[in-house]
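Here is the structure we will look at.
FYI, it's all coordinate maths here, none of it is from the lab. Since we're looking at a predicted model, the values are computed, not measured. Positions of Cβ are backbone-derived with ideal geometry, glycine not excepted, and every protein chain shown enters the neighbour counts.
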Amino acid sequence: MDTTLLGALEAGGTKMVCATGYGDGTVVEQISLPTTTPEETMTEVAAWFADKGVAAIGIGAFGPTAVNPASPRYGQILETPKTAWRYFDMLGSVISRLDVPCGYDTDVNVACLGEVTFGCAKGLTDVVYLTIGTGIGAGVLSGGKLMHGMMHPEAGHIRVLPDPRDPIAHNSACPYHTNCFEGLVAGPAIAKRWDGKSGGEMAEDAEAMDLLAGYLGQALATYILCYSPQKIIIGGGVADHTPIVELSRAKTAEWLNNYIATPEMHDLDNYIVNNSLEGKQGIMGCLELARQALEG
């Protein structure tokens, strides 16, 4: 085993998860720090890594963020609702404080990378990783490469057809869109619709789960048609604590209406799945990103 120690920073909007580990995905040490102001937070992050002796760090950042190295804003957080972090140079902050090679991508892209490198999508070249929690994000691996393009996919904000049963169908929890996927399925939408409750608290309500799974099925059908993934993996608090992933399989099939006929579509139980790395997919993806940065 390569014993080069690597660093991982899963930079979220509410917490920063810092870890050390190896290129085989082994996590040695891990800590969670609250996300406050950029200066305070990054000072704490740098202090934690300072004496660890890591050779490189992989960073998975909350978005939107500039992930294209050709962009003049590469490594910066972009138009986030967390105004203190808007246009903050996340990547530059880590490099200036710790002076090691760094890989940089979105939090959902590194989660996708973790599953492809170490998890249930190992060996596949085209994968969608979806996280459903406080927001909805999508990491997309296409042709063996994480998708960036103009910025990176913001597939949580695709429009979905409103369900007539839905009390917030035309007044979603998204401040930008009246009926996007995130605005109707993520944690704030659940709380808005059901008196402040969480997804887990609504998990036994069959009609509520049918409503959410219907929206998820719509979104997955769109991703299948657009990205043609070999596997779809779904994580995040809402997905982990409710049955919507399981329920969405039949909904997805209904929306596609037998248009796509592949072995994957005939085995939806193994095609649309929950995450496989016990919540460590992001950190493990960051370790792989650090390994790649070290190899140049």
Let me check I've understood the local charge: for GLY217, count other residues with C-beta under 9 angstrom from its C-beta, Lys and Arg +1, Asp and Glu -1. What total comes out? +1
Cβ crowding within 10 Å averaged over residues, with 177-189, 44-56 ranked highest first: 177-189, 44-56
Among residues other than LYS145 whose Cβ falls under 14 Å from its Cβ, what is the net charge (Lys/Arg +1, Asp/Glu -1)? -3
Could you tell me which of GLY12, GLY149, THR43 has its Cα farthest along the dipole of the chain towards the positive end, charges placed at Cβ (Lys, Arg +1; Asp, Glu -1), taken about the Cα centre? GLY149
For THR106, the residues 5 or more places away or on another chain with a placed amide H closer than 5 Å to its own amide H are ALA61
Listed here are the pairs LYS15/LYS280; LYS251/LYS280; LYS15/LYS145; LYS82/LYS145; LYS145/LYS231; LYS145/LYS280; which of them are more than 24 Å apart at the Cα? LYS251/LYS280; LYS15/LYS145; LYS82/LYS145
per DSSP, antiparallel bridges as share of beta bridges in the range 120-274, % nearest 5, sits at 55 percent
Which aspartates and glutamates, on any chain, are close to LYS197 with Cα under 19 Å apart, when same-chain ones fewer than 8 places away are left out? ASP166, GLU182, ASP205, GLU207, ASP210, ASP240
In order through the range 89-102: 3J(HN,Hα) via Karplus (6.51 cos²θ - 1.76 cosθ + 1.60), integer Hz, x for Gly, Pro: 7, 4, 5, x, 5, 5, 4, 5, 7, 10, 6, 10, x, 9
Computed FRET value (nearest 0.05) for GLN30 with THR4, which takes r as the C-beta separation and R₀ as 22 Å: 0.80
For the chain, what does the helix formula give at 222 nm: sum of -39500 (n - 2.57) over DSSP H segments with n ≥ 4, over the residue count, nearest 500 deg cm²/dmol? -10500 deg cm²/dmol
Mean-square fluctuation maximum in Gaussian network of the chain, Cα pairs under 10 Å, restricted to THR242, THR65, THR37, hits THR37
Counting DSSP beta bridges with both partners in the chain, what percentage is antiparallel, nearest 5? 55 percent
Cross-link reach list, aspartates and glutamates versus LYS52, counting only Cα pairs under 12 Å and skipping chain neighbours closer than eight places: GLU29
Is the shape of the range 18-155 best called rounded, prolate or oblate, per the rule: a/c under 1.5 gives rounded, else a/b larger than b/c gives prolate, else oblate, with a ≥ b ≥ c the square roots of the Cα gyration tensor eigenvalues? oblate
Gap in Å between the Cα centre of the range 43-104 and the Cα centre of the range 160-200? 31 Å
Whole-Hz Karplus couplings 3J(HN,Hα) for the range 219-224, θ = phi - 60° and coefficients 6.51, -1.76, 1.60, Gly and Pro as x, run 5, 5, 4, 5, 4, 4
Neighbours of VAL27 by Cβ distance under 14 Å: Lys/Arg at +1, Asp/Glu at -1, summed charge -2
Debye-sum result for the range 1-81 in log10 I(q)/I(0), which assumes one identical scatterer on each alpha carbon, at q = 0.19, 0.22 Å⁻¹: -0.88, -1.07
State to the nearest 20 debye the size of the charge dipole of the chain about its Cα centre, where the only charges are +1 on K and R beta carbons and -1 on D and E beta carbons. 560 debye
